[in-house]
């Protein structure tokens, strides 16, 4: 298909689990197709063939992944362009159309009409980016494992706080270490650890992680001496804690194995070296940025990317009486968290980032506010790196 040929048909798909609703519009906005389609390759191919006979077609979906993956794959296989309309943009545009009904047919029309009249609202579905598709699956699973690990950690700390607060103060902050989990799995709670004694606990902790094992056990023994009363529910907690520790160990092990898979897939992407060259951007963060941003071609400037990530401040003004800038409450929360955590990691890894952070703190900003400023600054740098495909070059101090 000739890329210079103007688009003549815009096909909006409101995707569904078992069926989609398709609405195709011509240049004048007249419907040339408006019907429900099954989640079926043959039927999708038939529709796209009919539309392609009228000219150049653009297929627009509201979800390019999960339930929308098949229409995207079929269109790509037929050399038909694909784009998607983000959900937030679609909801806002839908308010501009008459009527308040929420139907699949109306949504499909809104998607098609938005693509025809407001092409700037669309985001590209990168052709041939199989790496991104794999990363999305792996990162999604990693998010699930991270949430499960957090839930299990909170449950263990909650039980320890309930039955023996002094022990929780020692074990809680180190709950993700192998030695602590090994001790809880083998001895349970305070009663089991007290019965095991110092020598046996040192043997168990050393087998899991030799470094600092004796010091850890000494702190546990001291904590066990701080409480002599038995709290109701302690016996049940002693039985539950080893199971929770085992589940947490399995979740953490899965995340470690998954990180190796993510790194292997990430290495196949041409932007992997560019992203990971920036201090504070590890494998998981790089994968998250790629999944959410792609090659950044849809963001004309770093300001657009910062606004999408929720890092750009929001200006509020009413005449001359009320004005100011406030942190954004919207944006892509996954991307914002990735930028925030990478900025935090850069405080140790990058002297330039540390100096900028210290300067913002000296101006009176609190920790989180200074980190957001640093994340916003790094967003500018990262956008330039992605667009030019150049690795990070640290700014050298000026020499006199």
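Table: residues versus (1) touching a strand residue (DSSP E or B) at 6+ places or on another chain (Cβ under 6 Å); (2) in the same structural domain as residue 295 (by TED's automatic domain parsing); (3) outside any helix (DSSP H, G or I).
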| site | (1), (2), (3) |
| --- | --- |
| 34 | yes, no, yes |
| 43 | yes, no, no |
| 49 | no, no, no |
| 108 | yes, no, no |
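Taken over segment 237-273, the criterion of being under 19 Å from the mean Cα position of the chain (by Cα) and closer than 21 Å to residue 149 by Cβ is satisfied by 251, 252, 254, 255, 256, 257, 258, 259, 260, 261, 262, 263. Applying the criterion of being under 18 Å from the mean Cα position of the chain (by Cα) and without any contact (Cβ under 8 Å) to a residue 40 or more places away in the chain to the residues of segment 282-303, the residue that is farthest from residue 381 (Cα to Cα) is 283.
Scan segment 77-97 for residues that are modelled with pLDDT of 85 or more, surrounded by fewer than 19 Cβ atoms within 10 Å (Cβ to Cβ) and under 12 Å from residue 60 (Cα atoms) and the total you get is 1.
Select the helices (runs of 4 or more DSSP H) contained entirely in segment 298-400, then report the ones holding at least 3 residues which are farther than 17 Å from residue 285 by Cβ and either in the same structural domain as residue 276 (by TED's automatic domain parsing) or modelled with pLDDT of 85 or more (or both).
Where helices (runs of 4 or more DSSP H) fall fully within segment 298-400 and carry at least 3 residues being farther than 17 Å from residue 285 by Cβ and either in the same structural domain as residue 276 (by TED's automatic domain parsing) or modelled with pLDDT of 85 or more (or both), they are 302-309, 351-362, 367-388.
Residue count for segment 273-297, restricted to those that are in a helix (DSSP H, G or I) and closer than 15 Å to residue 139 by Cα: 11.
Selection within segment 166-186: residues that are under 20 Å from residue 239 (Cα atoms) and without any contact (Cβ under 8 Å) to a residue 24 or more places away in the chain. The member of this set that is farthest from the chain's Cα centre (by Cα) is 168. Scan segment 206-236 for residues that are in a helix (DSSP H, G or I), surrounded by fewer than 14 Cβ atoms within 10 Å (Cβ to Cβ) and within 38 Å of the chain's Cα centre (by Cα) and jot them down. Hits for segment 206-236 are 207, 215, 236.
Take the conditions (1) assigned to a helix (DSSP H, G or I); (2) in contact (Cβ under 8 Å) with a residue 60 or more places away in the chain; (3) in contact with a helix residue (DSSP H, G or I) (Cβ under 8 Å, 6 or more places away or on another chain); residue 116 misses just one of them, which is (3). Quick one: in segment 53-76, of everything that is more than 25 Å from residue 138 (Cβ to Cβ) and touching a strand residue (DSSP E or B) at 6+ places or on another chain (Cβ under 8 Å), which residue is surrounded by the most Cβ atoms within 10 Å (Cβ to Cβ)? My answer is 59. Look at residue 262 and say whether it is touching a residue at least 40 places away in the same chain (Cβ under 8 Å), part of a loop (DSSP other than H, G, I, E, B) and over 17 Å from residue 331 (Cβ atoms). So residue 262 fails the test.
So the check is Cβ under 7 Å with 6+ separation or different chains; which pairs have a first residue in segment 268-281 that's more than 17 Å from residue 378 (Cβ to Cβ) and a second one that's buried (at least 19 other Cβ atoms within 10 Å of the Cβ)? Short answer, once both residue conditions are applied: 268/131; 269/131; 269/290; 272/266; 272/286.
Say whether the condition of being part of a helix (DSSP H, G or I), in contact (Cβ under 8 Å) with a residue 60 or more places away in the chain and under 30 Å from residue 338 (Cβ atoms) is met by at least one residue in segment 237-245. Among the residues of segment 237-245, at least one is part of a helix (DSSP H, G or I), in contact (Cβ under 8 Å) with a residue 60 or more places away in the chain and under 30 Å from residue 338 (Cβ atoms), which makes the answer yes.
The values are calculated or read from the model by the stated rules, or taken from the named source; none is laboratory data. Here the structure is a predicted model, which means the values were calculated and not measured. Positions of Cβ are backbone-derived with ideal geometry, glycine not excepted, and every protein chain shown enters the neighbour counts.
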